[in-house]
Amino acid sequence: MMAQTLAQTENAPVLEIRGLTQQFGGLTAVNDFNVKLTPGGLSGLIGPNGAGKTTVFNLVSGFYQPTKGQIFIDGVPTAGLKPHKVTALGVARTFQNIRLWNDMTVLDNIRVAQHYRLGYGFFHSIARSKRYQQREDEIAKEAAELLEVFDLQRFALDVPKNLPYGTQRKLEIARALSSHPKLLLLDEPAAGLNSSDVQELIRLIRWIHKKFDVTIWMIEHHMDVMMELCTQIKVIDFGQTIAEGTPETVRNHPAVITAYLGDDNI
Amino acid sequence: MVFMLRRYSIHLILALAGGAIVYSADQEYLGLYTLSVLMFMGVNVILSTSLNLVNGYMGEFSCGHAGFMAVGAYVSSLLGVWLFAKDRVFGVPLLDPGYALYAFPVLILIGGVAAALAGLLVAVPSYKTRGDYLAIITIAANYIIISAIENIGAIGGSRGFMGMKRLVNSMEDVVDLPWMPIWVIIFTILSVWVIRRYVSSTFGKGVSAICQDEVAAEIMSVNTNKIKTVTFMLSSGIAGIAGGLFAYILGYVNPGSFNILKSTEVLVMVYLGGMGSLSGSILSAILFTILLELLRPLQIIKWIVIPLLLIILMQFRPEGIMGNRELGDLFPRLKKLYRFK
């Protein structure tokens, strides 16, 4: 009931996290984390290595069940949902180390990401029913269109493992968008890219943000990427939120400088 | 015309080959021996393609395939004999043996359904277990099934169960045709066709996604538990169909024919043909059946030669004959000549 009332509120946050805590044994990876992402935003999450950034993403995408706290996607609580259900609610993500299906064609990579809204099941696939034919046509058409806007159509029948690294990154983002997300989580999209690729990535993310009307939340170590793209940045260290605000405030925040560069009072 | 030929070339070839086999069986051009080898070829094709679904396409390692075959064999045999044949265990048939012909495909399918349900024995643990650990579970499943059958005295226990020949005879009494070859051909084509359709749909591509990166599959909205359940059930169900046919071809089943050695035989066929290649599995099942027959004079030494061949294969061509490709990928020109969906 509560979920519905929240969802109906005007301008409900795409993602709301309240008091999120995740413990692995004795280690507290994330502690009392809170965030509200309004639709259409482009915000960032930064922190030194091991700060718990990816854990937050794993919690949001349903990969872990939180020790404490709640996560709402568009007002719907995700507690107890398996990752594929969370994706169906409108969350898609990419991974720090690219995780494409390397022996499937690029086109199939895009198609399979539409799995939750196939609209047909096992028996339709065997009987090749009318619904199957219709849906497969739509899926193929949509996948081809997506490849075209990403300028990947010439790779449609190649397997991802043969593609250049930057193209694989791009494909992974395209695959994520294939599931029609409201919220796109990018986990270090610039990792392993050279500086000209990084410039292209910045353009790409900005373009996706506009074109697909999607809320983006990203983790990144390249500060120039964050400074250029994000309007809001949250900084965590050892699972604690230590600062948040515009890129400018965050950059000059003493706690952030201490977290990244260490304390000179030692 | 060319389009039609392309579209139906596979149907045409299958119909001609099947027709030729049935005709020559009917005219007794083919000896009983040749005919039974051909029928076992069909059974082996069903077994290897269905195991390839799990081991090749999904990347799990199932080594208990013969267990599901046993379920199919026993369920369809017991049901058939109970309904349509006079038997020492069940007494007089419940129904007129004349109906056996029409009921036969249903019997085989029921055996398949029972085997698919037995497949849950592996499907449910597979939600949380992968790789080596799941392989051990599949061996355990194989043993559970075999031991259960061995310990039910009423159906013959380890001595086995027979009486299926009577059913085959009563089918031939109704319409005088070599029915077993006909059913084997039909079910072989049906099985391969079902598997092919499954793995080539976007729904079934989820199977390959699980194989290549399960985490990515789940995150990209593939319901991995559902896909695993469907795949294991389909694979074991089709193995059950093979088991049913096997039982009626031999006219006799005993738990010993479905032990781990039989599972290994199917594994050899899958690895010989190539993982994730249906045409490879078909080819290797045919070759393997012929090989087994050629090596028959060696008797027990056969089981030294065949594993040795496997070692050589793994050394020099670990990807198998086709290695993850279909016939059409290997000879692109062939693609122009057929369409198989």
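The values are calculated or read from the model by the stated rules, or taken from the named source; none is laboratory data. Just so you know, these numbers come straight off a predicted model, no measurement behind them. Backbone-built Cβ (ideal geometry, glycine too); neighbour counts: all protein chains shown. Remember, those area values only see protein heavy atoms, side chains included, never the ligands or the DNA or RNA. Shrake-Rupley method; radii C 1.70, N 1.55, O 1.52, S 1.80 Å.
Calculate the spin-label point distance for B:Leu334 paired with A:Ala156, positioning each point 7 Å from the Cα along the beta-carbon direction, and give it in nanometres.
Output for this residue pair reads 2.5 nm.
Find out how many positive minus negative residues lie around A:Ala88, taking Lys and Arg as positive, Asp and Glu as negative, among other residues whose Cβ is under 15 Å from that of A:Ala88.
Local charge sum for A:Ala88: +4.
Please compute the per residue accessible area over region B:107-256 with all protein chains in place, 1.4 Å probe, rounded to a whole number of Å².
Averaged over the residues of region B:107-256, the accessible area is 35 Å².
For a test of the definition: using alpha carbon positions, the gyration tensor, and the 1.5 limit on a/c, classify region B:114-257 as rounded, prolate or oblate.
It is oblate, given that a/c is not under 1.5 and a/b is not larger than b/c.
Only loop residues by DSSP count here, and only those with at most 15 other Cβ atoms within 10 Å; note down the trypsin sites (Lys or Arg not before Pro) in region B:136-190 that meet that.
When the trypsin sites (Lys or Arg not before Pro) of region B:136-190 are filtered for loop state and at most 15 Cβ neighbours within 10 Å, nothing remains.
Can you give the average number of partner chain beta-carbon atoms within 10 Å of each beta-carbon in peptide A:41-54, as a whole number?
So the per-residue partner count for this stretch is 0.
Output the antiparallel fraction of DSSP beta bridges having both residues in the protein assembly as shown, as a percent to the nearest 5.
60 percent
Just from its helices, what would the mean residue ellipticity at 222 nm be for chain A, if runs of 4 or more DSSP H residues each count -39500 (n - 2.57) and the sum is divided by every residue, rounded to the nearest 500 deg cm²/dmol?
Taking each H run of at least 4 residues, the total per residue is -11500 deg cm²/dmol.
Using the alpha-carbon centroid of each, what span in Å lies between region B:1-36 and region B:273-341?
22 Å
Return the Rg/Rh value of region A:104-158, two decimal places, where both radii are evaluated on C-alpha atoms and Rh is the Kirkwood radius.
Radius of gyration relative to Kirkwood radius: 1.02.
Could you tell me the center-to-center distance, by alpha carbons, between region A:126-165 and region B:86-117 in angstrom?
45 Å
How much length is gained on full extension from A:Lys130 to A:Thr21, taking 0.36 nm per residue of separation minus their Cα-Cα distance? Could the numbers behind the result be given before it?
Working: separation 109, 0.36 × 109 = 39.24 nm, distance 4.77 nm.
Gain in length upon complete extension: 34.5 nm.
On a C-alpha basis, how far is the centre of region A:89-118 from the centre of region B:169-244 in Å? Whole number, if you could?
Between the Cα centres of region A:89-118 and region B:169-244 lies a distance of 25 Å.
Counting only helical runs of four or more DSSP H residues, what would the 222 nm mean residue ellipticity of chain B come to if each run contributes -39,500 (n - 2.57) and the total is spread over all its residues?
Estimated from H runs of four or more residues: -23000 deg cm²/dmol.
Inside 10 Å of the C-beta atoms of B:188-201, what's the mean count of C-beta atoms belonging to other chains?
Average per residue, whole number: 2.
Give A:Lys161/B:Lys335; A:Lys182/B:Lys335; A:Lys53/A:Lys82; A:Lys36/A:Lys210; A:Lys211/B:Lys335 a once-over and call out the pairs whose C-alpha atoms are over 32 Å from each other. List each step's numbers first, then the result.
Numbers: A:Lys161/B:Lys335 25 Å; A:Lys182/B:Lys335 41 Å; A:Lys53/A:Lys82 20 Å; A:Lys36/A:Lys210 20 Å; A:Lys211/B:Lys335 39 Å.
The answer is A:Lys182/B:Lys335; A:Lys211/B:Lys335.
Under DSSP H, which helices of chain B have Cα atoms covering 27 Å or more of the helix axis and a Kyte-Doolittle average no less than 1.0?
B:2-26, B:32-52, B:65-84, B:131-150, B:179-200, B:224-250
If you roll a 1.4 Å probe over region A:97-248 with all protein chains in place, what percent of the accessible area is carbon or sulfur?
51 percent
What residues in region B:202-216 lose 30 Å² or more of accessible surface when the other protein chains are added to their chain alone (1.4 Å probe)?
Relative to the lone chain, where solvent access is computed with a 1.4 Å probe, region B:202-216 loses at least 30 Å² at B:Thr202, B:Phe203, B:Lys205, B:Ala209, B:Gln212, B:Asp213, B:Val215, B:Ala216.
Using only protein heavy atoms and a 1.4 angstrom probe, determine the accessible area buried between B and A, summed over both sides, in Å² to the nearest 100.
Chain pair B/A: roughly 2800 Å² of buried accessible area.
Taking accessible area as the heavy-atom solvent-accessible surface of the protein chains with a 1.4 Å probe, which residues of region A:109-129 lose no less than 30 Å² upon going from the isolated chain to the full protein assembly?
Going by heavy-atom accessible area, the residues of region A:109-129 that drop by at least 30 Å² are A:Arg111, A:Val112, A:His115, A:Phe122, A:Ser125, A:Ile126, A:Arg128.
If the chain between B:Tyr33 and B:Leu308 were fully stretched, how many nm would it gain, using 0.36 nm times the residue separation less the Cα-Cα distance?
96.3 nm
Greater than 19 Å separation of Cα atoms is the criterion. Which listed pairs, A:Lys130/B:Lys226; A:Lys170/B:Lys226; B:Lys86/B:Lys165, meet it?
A:Lys130/B:Lys226; A:Lys170/B:Lys226
Report the FRET efficiency, 1/(1 + (r/R0)^6), for B:Lys86 and A:Glu142, where r is their Cβ-Cβ distance and R0 is 60 Å, rounded to 0.05.
Taking R0 as 60 Å, the efficiency between B:Lys86 and A:Glu142 is 0.50.
Rg to Rh for chain B: what is it, with Cα atoms only and Rh by Kirkwood?
Result: Rg/Rh = 0.97.
Classify region B:37-177 as rounded, prolate or oblate, taking a ≥ b ≥ c as the square roots of the eigenvalues of its Cα gyration tensor: rounded when a/c is under 1.5, otherwise prolate if a/b is larger than b/c and oblate if not.
prolate
Could you work out, for the protein assembly as shown, what percent of all Cα-Cα pairs fall into each 20 Å distance bin, beginning at 0 Å and stopping at the bin that holds the largest distance?
Binned Cα distances yield the sequence 18, 43, 27, 11, 1.
Shape call for region A:39-93 from the C-alpha gyration tensor, a ≥ b ≥ c root eigenvalues: rounded (a/c under 1.5), prolate (a/b greater than b/c) or oblate?
It is oblate, given that a/c is not under 1.5 and a/b is not larger than b/c.
Taking every pair of distinct Cα atoms and averaging 1/r, then inverting, what Kirkwood hydrodynamic radius in Å comes out for region A:121-266?
18.1 Å
Pop out the carbon and sulfur fraction of the accessible area of chain B as a percent, whole number, probe 1.4 Å.
Summing carbon and sulfur atoms, their accessible area is 70 percent of the total for chain B.
Could you give the length gained by full extension between B:Leu120 and B:Phe316, i.e. 0.36 nm per residue of separation minus their alpha carbon distance, to one decimal place?
66.9 nm
Express in Å², to the nearest 10, the accessible area of A:Cys230 obtained by rolling a 1.4 Å probe over the protein heavy atoms while all chains stay in place.
That residue has around 10 Å² of solvent-accessible surface.
Over region A:62-124, average the accessible area per residue using a 1.4 Å probe and give it in Å², no decimals.
Normalised by residue count, the accessible surface of region A:62-124 is 38 Å².
Which log10 I(q)/I(0) values, to two decimals, does region A:1-157 give at q = 0.08, 0.10, 0.18 Å⁻¹ under the Debye formula with one point per Cα?
Scattering profile of region A:1-157, log10 relative to I(0): -0.32, -0.50, -1.18.
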